[in-house]
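Take a look at the structure set out below.
The values are calculated or read from the model by the stated rules, or taken from the named source; none is laboratory data. Quantities reported herein were computed from a predicted structural model and do not represent experimental measurements. Cβ placement follows ideal geometry from the backbone for every residue including glycine, while neighbour counts extend to all protein chains displayed. These area figures cover heavy atoms from the full protein model, side chains too; ligands, DNA and RNA do not enter into them. Shrake-Rupley method; radii C 1.70, N 1.55, O 1.52, S 1.80 Å.
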Amino acid sequence: MSVDDDDSGRRSGGRLWILGAIVAGAAVLAGFYGMDTYSAGTNAAIQTSSDNAKDFETVFRDLLKQRSLVMSMAADVLLQDTTTMEAFARQDRPTLVARMEPFFQQLKKAHSVEQLNFWLPPATVYYRASQPNDFGADVSKYRRTVVAANERRQPVIAVETGIGGHVDVRAITPIMIDGKFAGSLEFASNLDVPLERASATAEVKWAVGISREVSERVERPADARVDVWQKDDVFYLFSDPQTAQFLRSISFDPNAPGYTVATDKRHHTIFVRTFQVIDFAGAPSIVVAIVDDLTDDFSDAMRSSLIRAGILFIVLAAIGLYAYVKFGQIRARLTGLVGSQRRELAQQVAVGQAALAKLKEVDLIKRGFFTNLVAAINEPLQAVSGQLATLAPAMAKADPGTAGRLAFVTGETARLSRLTGDYQQIELFRQKLVKADTTPVSLSAVAADVVEDDLVAYRRLPQFSVASTVSADLAPARADADLLRRAIASIVAMAAQRSGQGRVTISAKQDTEQWLVLAITGSAFTGPAQPTAAMLDESRQFMARLAAVDTTNAGGGELVGLVLARVIVEFYGGSLAISGGEPGFIVRLPAAV
């Protein structure tokens with residue numbers, strides 16, 4: 001096999017890999033889109049069922065109130081029949097039966113009234129409509145509403161589960177004859193009317209259950225063919241047999257807030273949401289489960305997501321393959337252009353690097369020239385200073401007038417000497433000739449030495465004062481003590497030379513981030529000594545000097561000292577900034593921990 005055949009095989013394999021990657025990428029994107037579409041569809045179906053369930057509860061509770069009001073009004077109307085009430089009061093059963101039996105049959109047929117009962121205290125049945133021979137039984141154990149109405153002698157309206165698990169809307173009203181309590185009258189209607197109307201309005205199904213404790217108290221007979229137990233509640237009334245089958249095939253907590261979406265073994269997706277109905281005493285009476293079959297909705301969401309994902313896969317794959325073909329054509333055209341541009345760019349980079357090297361060389365020559373110039377000036381300057389210092393005592397005795405001029409020359413020579421010294425120290429930092437290894441140093445001791453030794457000349461000024469309040473208990477800083485003294489003294493000297501009056505206070509503390517914060521502030525940092533950002537940068541100082549109208553008396557030595565102070569502080573990992581409160585400067589140094 002030839003080399004050309006090997007290259008052709010590699011190119012073919014590369015093309016197949018790229019095509020496979022395009023198809024796989026389209027499949028992954030389409031898959032994610034399909035899952036997102038399915039999730040959106042199922043969430044919409046669940047939200048619709050949740051909204052319908054809330055509508056069901058709202059309609060049911062409204063109808064329940066209306067039904068309770070109807071039962072109460074029926075009792076109030078019947079109380080106006082004095083003949084019937086007096087027959088009950090004197091326990092004339094034949095008259096009571098003769099009047100109530102036809103009346104109850106009309107109520108049951110026209111208004112769905114299920115029960116009409118007369119009660120003797122505490123809860124003894126005296127007369128039950130349509131069952132006139134069923135009387136004399138004391139059902140206090142089962143009928144708490146009747147007991148409460150007879151004890152309080154006040155109307156009671158509630159949903160209550162009676163003997164055998166019969167759930168009804170009940171209105172019990174006391175009967176008073178000539179101011180004497182005779183017993184109570186009860187109208188009752190089952191829950192079918194509000195449940196069915198709410199179901200028709202919200203288009204969901206329902207089931208009614210009671211707790212285990214209520215079921216045992218009312219002696220409701222167990223029926224395995226009907227009963228559906230969920231946790232500690234039993235459901236036995238259903239809107240239809242299908243709803244009972246759904247609840248029997250899934251598990252949920254009837255007392256949990258929110259809703260449950262479960263799938264049974266036959267792959268039905270069932271939505272269930274429950275709410276409780278409270279009795280007259282404020283305790284849960286029954287629990288109503290709202291049931292909705294979401295199987296078709298979930299199937300439609302799956303079908304729609306698969307169709308959309310498939311269409312997207314085809315579109316993405318087609319676009320990817322077309323782009324790959326077009327890219328191959330464009331790449332061939334661009335290959336030559338990119339090669340020529342690359343060569344031109346390499347040439348330009350080479351020219352730029354040569355220019356950068358030349359600039360660095362010029363900068364080194366410039367710095368070397370100024371460094372050598374300062375060193376050349378400093379050596380004879382030191383000799384002149386020494387001679388002037390020796391000549392000063394003799395001149396003071398010989399000619400006091402000339403001695404004053406000599407003192408001025410001596411001071412200016414000393415100032416120039418300090419200026420050249422500061423510049424040389426800055427260059428030592430720039431050339432990295434200062435040792436970084438240091439030992440912990442006490443800021444309290446450094447500040448005290450600065451005030452007592454380094455600022456003696458300035459302390460003699462009549463309107464200028466400097467003091468240190470740095471605590472000896474403050475954590476030490478990691479820096480060179482001599483250089484740190486020089487930095488602090490340079491900052492204070494700037495204020496003394498520029499303003500010549502006012503107060504400077506050196507204070508320190510440790511902030512929450514364990515940094516040492518040294519504040520050099522006071523009224524001396526006002527007027528010409530007002531701190532500015534330009535003072536901390538020698539280039540900006542130079543530009544400010546050029547812009548000054550009068551530069552004959554413009555002092556610059558103290559500003560070079562300020563730059564030196566910044567360089568020293570930054571060398572030891574700190575920072576020098578303008579104070580945001582009282583005028584002055586803030587030095588931040590890391591603690592030696």
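Side notes on the structure shown:
- Scanning region 564-576 for residues that are at pLDDT 80 or above, part of a helix (DSSP H, G or I) and of a type in the set (A, V, I, L, M, F, W, C) gives 565, 567, 568, 569, 571.
- Scanning region 289-302 for residues that are among the hydroxyl-bearing types (Ser, Thr, Tyr) and open to solvent by less than 40 Å² (accessible area, probe 1.4 Å) yields a total of 1.
- Of all residues in region 41-54, none satisfies being open to solvent by less than 80 Å² (accessible area, probe 1.4 Å), part of a helix (DSSP H, G or I), of a type in the set (Val, Ile, Thr) and in contact with a His (Cβ under 8 Å, 6 or more places away or on another chain).
- Out of 205, 180, one residue alone is open to solvent by 40 Å² or more (accessible area, probe 1.4 Å), more than 20 Å from residue 283 (Cβ to Cβ), of a type in the set (Lys, Arg) and in contact with a Ser or Thr (Cβ under 6 Å, 6 or more places away or on another chain). It is 205.
- Within region 250-280, the residues that satisfy the criterion of being surrounded by fewer than 16 Cβ atoms within 10 Å (Cβ to Cβ), in contact with a strand residue (DSSP E or B) (Cβ under 8 Å, 6 or more places away or on another chain) and over 20 Å from residue 54 (Cβ atoms) are 251, 263.
- Verdict on residue 325 being within 30 Å of residue 31 (Cα to Cα) and assigned to a helix (DSSP H, G or I): yes
- Exclusive hit being in contact (Cβ under 8 Å) with a residue 24 or more places away in the chain and of a type in the set (D, E, K, R), set 213, 219: 219
- So residue 144, is it farther than 30 Å from residue 264 by Cβ and either under 46 Å from the mean Cα position of the chain (by Cα) or without any contact (Cβ under 8 Å) to a residue 24 or more places away in the chain (or both): no
- Residue within region 104-123 that is open to solvent by 70 Å² or more (accessible area, probe 1.4 Å), at pLDDT below 95 and of a type in the set (Phe, Trp, Tyr) present: no
- Tally of residues being open to solvent by 60 Å² or more (accessible area, probe 1.4 Å) and farther than 14 Å from residue 485 by Cα across region 447-460: 3
- Some residue of region 536-551 being closer than 21 Å to residue 447 by Cα, of a type in the set (Phe, Trp, Tyr) and either out of contact with any strand residue (DSSP E or B) (no Cβ under 6 Å at 6 or more places or on another chain) or at pLDDT 80 or above (or both): no
- If you go through region 214-245 and keep only what is over 18 Å from residue 293 (Cα atoms), open to solvent by less than 40 Å² (accessible area, probe 1.4 Å) and β-branched (Val, Ile, Thr), you end up with 214, 218, 234.
- Residue check: residue 157 meets all listed conditions (1) modelled with pLDDT under 90; (2) open to solvent by 70 Å² or more (accessible area, probe 1.4 Å); (3) touching a Lys or Arg at 6+ places or on another chain (Cβ under 8 Å) but one, namely (1).
- Yes/no for residue 286 being within 42 Å of the chain's Cα centre (by Cα), open to solvent by less than 30 Å² (accessible area, probe 1.4 Å) and β-branched (Val, Ile, Thr): yes
- Pairing each residue of region 276-302 that is more than 15 Å from residue 214 (Cα to Cα) with any residue that is open to solvent by less than 10 Å² (accessible area, probe 1.4 Å) and in a loop (DSSP other than H, G, I, E, B), provided the two are 6+ apart or on different chains, yields C-beta distances under 8 Å for 289/254; 290/204; 291/204; 292/204.
- Residue pairs meeting the criteria (Cβ under 6 Å; at least 6 apart or on separate chains; first in a strand (DSSP E or B), in region 250-261; second of a type in the set (Lys, Arg) and open to solvent by 40 Å² or more (accessible area, probe 1.4 Å)): 259/273
- Among the residues of region 303-324, those that are open to solvent by 80 Å² or more (accessible area, probe 1.4 Å) and either closer than 20 Å to residue 15 by Cα or of a type outside the set (Val, Ile, Thr) (or both) comprise 303, 306, 308, 314, 319, 322.
- Which listed residue is assigned to a helix (DSSP H, G or I), touching a Leu at 6+ places or on another chain (Cβ under 9 Å), free of Cβ contacts under 8 Å to residues at least 40 places away in the same chain and closer than 23 Å to residue 177 by Cβ, from 84, 95: 84
- In region 29-58, the residues that are acidic (Asp, Glu) reach residues that are in a helix (DSSP H, G or I) with C-beta atoms within less than 6 angstrom, at least six apart or across chains, in these pairs: 55/202.
- With respect to being over 22 Å from residue 564 (Cβ atoms), open to solvent by less than 50 Å² (accessible area, probe 1.4 Å) and not aromatic (Phe, Trp, Tyr), residue 522 falls outside the description.
- Residue match in region 508-516 (condition: under 18 Å from residue 587 (Cβ atoms), modelled with pLDDT of 85 or more and in contact with a Phe, Trp or Tyr (Cβ under 9 Å, 6 or more places away or on another chain)): no
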